[in-house]
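For reference, the structure discussed in these notes is given below.
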Amino acid sequence: MQAPPNEVDVLVVGGGNAALCAAIAARRDGASVLVVEGAPKFYRGGNTRHTRNMRCAHDTATEHLTGPYTEAEFWDDLLRVTEGNTDEGLARFMIVQSKEMLTWIAEQGVRFQPSLGGTLSLGRTNSFFLGGGRAMLNALYRTAEELGVSVLYDAPVIGLDIDNGRFRSATIRMDGADHTVRAKALVVAAGGFEANIEWLKEGWGEPAENFLIRGTPYNRGDVLKMLLDSGVEAIGDPTQCHAVAIDARAPKFDGGIITRLDCVVFGIVVNKNAERFYDEGEDFWPKRYAIWGRLVAAQPEQIAYIVFDAKSLKMFMPSLFPPIEADCITGLANKLGLPVEAFEMTVSGFNAAVRQGSFDHTELDDCRTEGLTPPKSHWACPIDTAPFYAYPVRPGITFTYLGTRVDRDARMQMADGGASGNMFAAGEIMAGNVLGKGYAAGIGMTIGSVFGRIAGERAAKHARD
Amino acid sequence: MHATDHLKEAERLMTVCNSCRYCEGLCAVFPAMEMRRSFADGDLSYLANLCHNCGACHVDCQFAPPHEFDVNVPKTLAQVRADSYRAYAWPKAFQPLFDRNGLAISIIASLSIAGFILGFVVWHDPLVLTSGSGQFYRLMPHTVMAGLFGAVALYALLALAMGFRNFWTAIGANSVSAGSGTTLWQATKDAAGLRYLDGGGVGCYNEDEKPTDNRRLYHHLTFYGFLLCFAATTTGTVYHYVLDWPAPYGWTDLPKLFGIPGGIGLVVGPLGLLRAKLKREPEMVDRAKFGMDTAFLAMMFMTGLTGLALMVLRETPAMGIMLAIHLGVVFALFLTMPYGKFVHGFYRFGALALYAAERKAERSAKPGIPAS
């Protein structure tokens, strides 16, 4: 394996969208650049592997977007999903910058998918990568390597030498040997700590043992911890993570998009005691899917079951594992290992409470329950048509919010005041500046690209001056 | 239940892919998959023949090996595709020719060449074989040649048509208007341009994640080379019978104008395709079908090479033996057409026609996809 150089202009830690945008931008500005990715080549890119699109403001429809998405609308959406947990100045700055990203990212070889007439609800706001996130990564790596960026895989950073807010060198472990790399500037785009169960436990306690991690096992937050320990100012709730309910049969790590389930609104959700615990029809699924991870995490043993009947089977996107199926409610309870009597009572109680109207899953319809706690406010239909189905679900962790505070130059801020001399951050590790809470599809990639490019440019400028 | 392990694996993959759909913009396979929730053997044969093996979905897949989901669409569909050639071949008795196809085609080609050499010797003075007269029809009367090749071509056509009919029925193309003029025209355009052999727009993936592959170019050389050679033979036959103008023809006559570039295409194209095949990322390759694939390329190459050689050596004593080899190769090519990789063109065309029909029929909205 290739040994790292002793010294470069810009050292980029991480290997996803933000890291590669930084590396490309720095290299285009003349700096020598080394990218160190902790994961093996196949797993390079962290959560970028599993992304599909990015959200950029644009004033007119394009080849890939069905209509305009103004800066103002983007800001409104961000304000809504974060409930105000955002640095307005930085967020608005990012939104302005995002406009250029559509062209810039395409210039780096990334290709977008033509908007498919109406098949995707995000066709107006979000640009879809042709072939998905890994295709996007492949394009960025190809461009970076053609420009002369050096990339090392299986090369985790195990130590940072930071003196008074100034980066001097990093220790990289490769094949059991440690190498020290000095650099004039550092860009950290090494993601969050969602794959670090021990760290998650600090916020969640023992239930975190039952969490499934949607991305690779390499998102451990080790570099984030080193930075915070070296006096970099933290931002974002250290205990929070983006959690959705995913199929409980998914692998512990890296199940990605295909273990998601979009059927909560079509049925009821019960815990292991066969009790319902939340309004399944509170709002449209895209607005509610992100609360269900947290809801399931609060249930005994962090498991729940989405139960529905034959009427709903084909109303949602298929997922990886087939639903568990039975001819009667009792049979389903047995297959799921639920207390039979309690399950029968929950289903019959729900069925009796349904006030059926005209079902329409595209609007907040008038099918609801009456006199039931918790209620189901929309799309409530009796579960009465065999066969009956269920998906077991557990919390699936997508990303964490804790990160490093940055300014508009993507420069890390120090806890004791002032900015770091030569350290920059981009991507998930600083997403908490803009996205302190919630999520909007494709915004992680916007944060990564916009601040990655800025971090790379500023780092190269710093190395030059 | 599925008939083979390959079909079983293909169904597993289509279930994975149908819950991801990131590749839907790359080619026709994934949009066709999205129109289905379950995958019967016929559906999988359809999708397998719709796949042009560009490899883009493999390098783009976050679940490819070493990921535990072990998604390898190009390889699995290549296996199902090759199996489908055997499963639909007519008559059934000849289906085992696909089992060791490389060997079968080599033997048939060798016997065919030997047969022509022997025939020339038996029916003529062995000296005629090396006389250097430049006169083909002294070795084999034109009527005999035309009769023999006409008969084998008719047989090949019949067997290909019957096999295609089996495939067409199995993929369910009968039940939709896949045979209508507009869909056939769409399929013709898609096939003629190899629309889906472009890795989604940048070129195919062959050796690694860089889209550097030129298989589309080499395939065009092979395919259009073949068509030009076919046109050369056809015009020659018309000249002979209709215009009473027997060979040899001059450099500016149609048989030569078609035949020379055609022959060059048939030499260069298969070489390029073979080179790409040898350099292909092993993970995507179905090793078991290497014989079938290379036998087909070799037959195309030999047809082109012996045709050109015959033209060059026509006035030399090598002409006789060269003619026997060329006729032997072409005879074997026709005879084995329904029982080798040649059928891929027909099945892919059929799959493209069904896809065109399905796209036309697709009007209903799909469930929305929250992007998380």
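In the range A:153-172, the condition of being under 15 Å from residue A:23 (Cβ atoms), assigned to a helix (DSSP H, G or I) and not polar (S, T, N, Q) is met by no residue. Total residues in the range A:17-43 satisfying the condition of being within 14 Å of another protein chain (Cβ to nearest Cβ), open to solvent by less than 10 Å² (accessible area, probe 1.4 Å) and part of a loop (DSSP other than H, G, I, E, B): the figure is 1. In this entry, residue A:249 passes the filter for residues that are open to solvent by 30 Å² or more (accessible area, probe 1.4 Å) and modelled with pLDDT of 95 or more. With respect to the conditions (1) within 21 Å of the chain's Cα centre (by Cα); (2) within 19 Å of residue A:134 (Cα to Cα), residue B:212 falls short on a single one, namely (1).
Set side by side, the residues B:272, B:291, B:304 differ, and just one is surrounded by 17 or more Cβ atoms within 10 Å (Cβ to Cβ), closer than 30 Å to residue B:205 by Cβ, among the small types (Gly, Ala, Ser) and touching a Pro at 6+ places or on another chain (Cβ under 8 Å), which is B:304.
Residues of the range B:65-83 that are within 14 Å of chain A (Cβ to nearest Cβ) and under 27 Å from the mean Cα position of the chain (by Cα): B:71, B:72, B:73, B:74. Under the condition of being over 19 Å from the mean Cα position of the chain (by Cα) and part of a helix (DSSP H, G or I), the residues counted in the range A:211-240 number 5. Of the residues making up the range A:266-283, those that are touching a helix residue (DSSP H, G or I) at 6+ places or on another chain (Cβ under 8 Å) and open to solvent by 10 Å² or more (accessible area, probe 1.4 Å) are A:266, A:272, A:273, A:275, A:276, A:277, A:278, A:282. Checked against the criterion of being in a helix (DSSP H, G or I) and at pLDDT 95 or above, the candidates B:323, B:333 yield just one match: B:333. Beta carbons closer than 7 Å, at least 6 apart along the sequence or on distinct chains, pair a first residue in the range A:50-62 that is more than 27 Å from residue B:60 (Cα to Cα) with a second that is β-branched (Val, Ile, Thr) for A:59/A:70.
Let's see how each residue does on (1) within 14 Å of another protein chain (Cβ to nearest Cβ); (2) buried (at least 22 other Cβ atoms within 10 Å of the Cβ):
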{"position": "B:1", "(1), (2)": "no, no"}
{"position": "B:5", "(1), (2)": "no, no"}
{"position": "B:12", "(1), (2)": "yes, no"}
{"position": "B:17", "(1), (2)": "yes, yes"}
{"position": "B:20", "(1), (2)": "yes, yes"}
{"position": "B:23", "(1), (2)": "yes, yes"}
{"position": "B:36", "(1), (2)": "yes, no"}
{"position": "B:41", "(1), (2)": "no, no"}
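Anything in the range B:92-110 that is within 26 Å of residue B:145 (Cα to Cα) and either hydroxyl-bearing (Ser, Thr, Tyr) or touching a residue at least 60 places away in the same chain (Cβ under 8 Å) (or both)? List them, or say none. Across the range B:92-110, the qualifying residues are B:94, B:104, B:105, B:106, B:108, B:109, B:110.
Only residues that are closer than 20 Å to residue B:313 by Cα, under 21 Å from the mean Cα position of the chain (by Cα) and either among the polar types (S, T, N, Q) or surrounded by fewer than 17 Cβ atoms within 10 Å (Cβ to Cβ) (or both) were counted across the range B:230-263, and they come to 2. Which residues, counting only those in the range A:304-330, are of a type in the set (A, V, I, L, M) and open to solvent by 50 Å² or more (accessible area, probe 1.4 Å)? Within the range A:304-330, A:315 is the sole residue that qualifies.
The set of residues from the range B:47-64 being more than 8 Å from chain A (Cβ to nearest Cβ) and either out of contact with any Ser or Thr (no Cβ under 9 Å at 6 or more places or on another chain) or more than 12 Å from residue B:10 (Cα to Cα) (or both) comprises B:47, B:49, B:50, B:51, B:52, B:53, B:54, B:55, B:58.
For the range A:384-412, the set of residues classified as in a strand (DSSP E or B), aromatic (Phe, Trp, Tyr) and within 17 Å of the chain's Cα centre (by Cα) consists of A:399 only.
Among the residues of the range A:100-134, those identified as crowded, with 17+ Cβ neighbours inside 10 Å, at pLDDT 95 or above and in a helix (DSSP H, G or I) are A:101, A:104, A:105, A:133, A:134. Check off (1) assigned to a loop (DSSP other than H, G, I, E, B); (2) touching a strand residue (DSSP E or B) at 6+ places or on another chain (Cβ under 7 Å); (3) surrounded by fewer than 23 Cβ atoms within 10 Å (Cβ to Cβ); (4) not β-branched (Val, Ile, Thr) for residue A:380 and give me the number that stays unchecked. Going through (1) assigned to a loop (DSSP other than H, G, I, E, B); (2) touching a strand residue (DSSP E or B) at 6+ places or on another chain (Cβ under 7 Å); (3) surrounded by fewer than 23 Cβ atoms within 10 Å (Cβ to Cβ); (4) not β-branched (Val, Ile, Thr) one by one, residue A:380 breaks only (3).
The values are calculated or read from the model by the stated rules, or taken from the named source; none is laboratory data. Quantities reported herein were computed from a predicted structural model and do not represent experimental measurements. Here Cβ is always computed from backbone atoms with ideal geometry, including for glycine, and neighbour counts include all displayed protein chains. Only protein heavy atoms, including side chains, enter the accessible area calculation; ligands, DNA and RNA are left aside. Shrake-Rupley method; radii C 1.70, N 1.55, O 1.52, S 1.80 Å.
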